[in-house]
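One structure, pasted below without further comment.
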Amino acid sequence: MENSLQKNVAFVISRNYIGQFKVTFNSLFNANTDIQFLVHLFHNDLSNDDIDDIKSFVFERNSKIAFYKISDELFSGLPKMQNDNSYSAYYKTLLPYYLSHLDKVLFLDCDIIVRGNVKPLFEKEQDEFLSWVPDYKINKKRQDHIVNIVGEKSIYYNSGVMLLDFKKSESIVPQDEMLKYIAESSHLIRWHDQDILNHFYAKKSGTLDEKYNYLTTYKSIKDLFFPKGKKNAVIVHYANWKPWRSNYIGKCYRLYKKNYDKLSGEKSVDFLKKRNLIAQLKLIFSYIFR
């Protein structure tokens, strides 16, 4: 029986992202010390030493963890993640099948800082199996891609933060149907797991408030100087640009560094690079004139 005092959170990682997972989970724990979390960690390449290290890290934060090893064969032929040359992001598409014995699950990417209370998400009444936040950038600029993926004009969602309510399990797409789509539509996939999940769920999704997936990319020039929503953000998501790269120009860098520094000396947490002004300027110009 599921423990009502325990909240389920899920992550997917490759071995290259152990440090990022630690920073994200530590921020979640520090912002929600009244919650005991059960972590569901999906992976493919963690060694026994890696697993022991992650277990100790999670246990020290009054939480528990379960590991799920996934075969990459399910996703061969799809474009890999550029950041770590792996299929790990696609493991999100398997959450409905591996975690169906649970009540509610909060999924978080590992390029996230949690800075507020997530309990309202677990207490939220949902009308749909999957609730998430629209991806404003893709909705604004990539309607042609949305039509290719969803089949018609639709709201397109960001999969970095997802709330899954298994009481609505009748809405879950059969796994063989999902795998068939992957096999037949790999040529359409651009944004990895996000495209696959939007194909099946975009038209029957619940919508979360933007504060639960505040993206650090800029919406406009105005947003550069007056970042709307930043102050109230509960979950900050470093989508697209990553703060551990020397050319990072997105929002909330200091927030990430502050949380990173809290784990100074922790194993695998040695990935944040000093920002390079020239590299930043190159990225700014490429972004403006693309």
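The values are calculated or read from the model by the stated rules, or taken from the named source; none is laboratory data. Just so it is clear, the model here is predicted, and its values are computed rather than measured. We place every Cβ from the backbone using ideal geometry, glycine too, and count neighbours over all the protein chains shown. Protein only, heavy atoms only, side chains kept; ligands, DNA and RNA dropped before computing areas. Shrake-Rupley method; radii C 1.70, N 1.55, O 1.52, S 1.80 Å.
Show me, for the range 250-265, the HN-Hα J-couplings you get by feeding each phi into the Karplus relation (A = 6.51, B = -1.76, C = 1.60, θ = phi - 60°), rounded to Hz, glycine and proline as x.
Residue by residue, the range 250-265 yields x, 7, 6, 4, 4, 4, 5, 4, 4, 6, 5, 5, 5, 10, 4, x Hz.
Given +1 on the Cβ of Lys and Arg, -1 on the Cβ of Asp and Glu, and no further charges, what dipole in debye does the chain carry about its Cα centre, rounded to the nearest 20?
Working: 43 positive and 34 negative charges, 357 e Å.
Using only the charged Cβ atoms, the result is roughly 1720 debye.
Could you name the aspartates and glutamates in cross-link range of residue 242, using Cα to Cα under 14 Å and dropping any fewer than eight places away on the same chain?
The qualifying aspartates and glutamates are 84, 109, 111.
Moving to a separate point now. How large is ³J(HN,Hα), in whole Hz, for each residue of the range 66-75 in order, when computed from phi with the Karplus curve 6.51 cos²θ - 1.76 cosθ + 1.60 and θ = phi - 60°, using x for Gly and Pro?
10, 10, 10, 8, 10, 8, 6, 4, 4, 10
Taking amide hydrogens as modeled 1.01 Å from N in the peptide plane, which residues meet the under 5 Å criterion relative to residue 157, leaving out close sequence neighbours?
135
Right, here's the next one. Can you compute the charge dipole magnitude of the range 1-140 about its Cα centre, using +1 on each Lys and Arg Cβ and -1 on each Asp and Glu Cβ, nothing else charged? Give it in debye, rounded to the nearest 20. Working shown, then result.
Numbers: 15 positive and 19 negative charges, 59 e Å.
Roughly 280 debye, rounded to the nearest 20.
Excluding ligands, DNA and RNA, what is the solvent-accessible area per residue of the chain at a probe of 1.4 Å, expressed in Å²?
Using a 1.4 Å probe on heavy atoms only, each residue of the chain averages 49 Å².
Tally the DSSP beta bridges in the range 1-150 and give the antiparallel ones as a percent, rounded to 5.
Around 0 percent of the beta bridges assigned by DSSP in the range 1-150 are antiparallel ones.
Let me ask something else. For residue 97 and residue 187 in the same chain, what is the full-extension length gain: residue separation times 0.36 nm, less their Cα-Cα distance, in nm?
29.9 nm is the gain from fully extending residue 97 to residue 187.
Shifting gears a bit: Taking the dipole about the Cα centre of the range 133-290, with the C-beta of Lys and Arg at +1 and of Asp and Glu at -1, give me whichever of 246, 189, 163 is farthest to the positive side.
246
Is the C-alpha gyration tensor of the range 69-180 telling us rounded, prolate or oblate? Criteria: a/c under 1.5 is rounded; beyond that, a/b larger than b/c is prolate, otherwise oblate.
rounded
Does the range 104-243 classify as rounded, prolate or oblate by the C-alpha gyration tensor (a ≥ b ≥ c root eigenvalues; a/c under 1.5 gives rounded; else a/b over b/c gives prolate, otherwise oblate)?
Judged from the Cα gyration tensor, the range 104-243 comes out oblate (a/c at least 1.5, b/c at or above a/b).
Relative contact order, percent, of the chain when contacts are C-alpha pairs under 8 Å separated by at least 6 residues?
20
Related question: Say we join alpha carbon atoms closer than 10 Å with springs in a Gaussian network model of the chain; which of 276, 240, 26 then has the biggest fluctuation?
Looking only at 276, 240, 26, the biggest GNM fluctuation is shown by 276.
Next question, about the same structure. Based on the inverse mean of 1/r over its pairs of different Cα atoms, what is the Kirkwood hydrodynamic radius of the chain, in Å?
19.7 Å is the Kirkwood radius here.
When the Karplus curve 6.51 cos²θ - 1.76 cosθ + 1.60 is applied with θ = phi - 60°, which whole-Hz ³J(HN,Hα) does each residue of the range 43-50 get, with x for Gly and Pro?
8, 10, 10, 6, 7, 4, 5, 4
For the pairs 251/273; 22/258; 119/262; 80/273; 69/92, note any where the Cα-Cα span goes beyond 18 Å.
119/262; 80/273
For the range 161-201 and the range 30-46, write down the distance between their C-alpha centroids in whole Å.
The range 161-201 and the range 30-46 have Cα centres spaced 23 Å from each other.
Let me ask something else. Each label point is 7 Å from the Cα along the Cα-to-Cβ direction; what then is the distance between the points at residue 209 and residue 125, in nm?
Placing both labels 7 Å beyond Cα along the Cβ direction yields 1.7 nm.
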